[in-house]
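Enquirer: Pasting in a structure now, in structure tokens, and then I'll have a few things to ask.
The values are calculated or read from the model by the stated rules, or taken from the named source; none is laboratory data. Quantities reported herein were computed from a predicted structural model and do not represent experimental measurements. Note that each Cβ is placed from the backbone with ideal geometry, even for glycine, and that neighbours are counted across all protein chains shown. Quick note on the areas: whole protein, heavy atoms, side chains included, nothing else; ligands and nucleic acids left out. Shrake-Rupley method; radii C 1.70, N 1.55, O 1.52, S 1.80 Å.
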Amino acid sequence: MSKETFFPVGPVEQFLPQIGRVVEAGGRELAVFRLSDGRIFAALNQNPHPKGGPLAEGIVSGNYLYDPLYDWKIDLTTGLVQAPDSGQVPMFPVKVEGGQVSIAASALQQV
């Protein structure tokens, strides 16, 4: 069994709680969010709304991201847009080791 490769994207202290940060990993622009409880999530920095737009500037509350342009509510644990809207944001596995945040390379290649 091969071990998953992860792209390092920065030290955990660079990811402020409840504030999105844009990073590049594997040729993809990602929005990385650190929740108030310390969990970190990475999403493709692209709104699933038909008109698109960035997600990193959204407002984080609990497990949810409220996108900055259309006020869509997105569950950061699943990437699912909440009703009455619909859609899904590609999410990427994140690990934190030794204070370093990294994102799974294989998931980046699938988008």
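Enquirer: Please tell me if Gly99 is farther than 29 Å from Lys3 by Cα and out of contact with any Leu (no Cβ under 7 Å at 6 or more places or on another chain).
Expert: no
Enquirer: Another question, if that's okay. Name the single residue, out of those in region 73-104 being within 20 Å of Pro17 (Cα to Cα) and among the hydrophobic types (A, V, I, L, M, F, W, C), that is farthest from the chain's Cα centre (by Cα).
Expert: Residue satisfying both the conditions and the ranking: Val96.
Enquirer: Output the residue which, of all residues in region 25-36 that are more than 11 Å from the chain's Cα centre (by Cα) and in a strand (DSSP E or B), is surrounded by the most Cβ atoms within 10 Å (Cβ to Cβ).
Expert: Ala25
Enquirer: Looking at (1) free of Cβ contacts under 8 Å to residues at least 24 places away in the same chain; (2) open to solvent by less than 40 Å² (accessible area, probe 1.4 Å); (3) within 16 Å of Ile103 (Cα to Cα), which is the only condition Arg39 fails?
Expert: Against the list (1) free of Cβ contacts under 8 Å to residues at least 24 places away in the same chain; (2) open to solvent by less than 40 Å² (accessible area, probe 1.4 Å); (3) within 16 Å of Ile103 (Cα to Cα), Arg39 comes up short only on (2).
Enquirer: All but one of (1) of a type in the set (Gly, Ala, Ser); (2) surrounded by fewer than 19 Cβ atoms within 10 Å (Cβ to Cβ); (3) closer than 23 Å to Lys3 by Cα; (4) at pLDDT below 90 hold for Gly52; which doesn't?
Expert: The single condition Gly52 does not satisfy is (3).
Enquirer: Is it the case that Val96 is under 21 Å from Gln14 (Cα atoms), part of a strand (DSSP E or B), open to solvent by 20 Å² or more (accessible area, probe 1.4 Å) and aliphatic (A, V, I, L, M)?
Expert: In short, yes.
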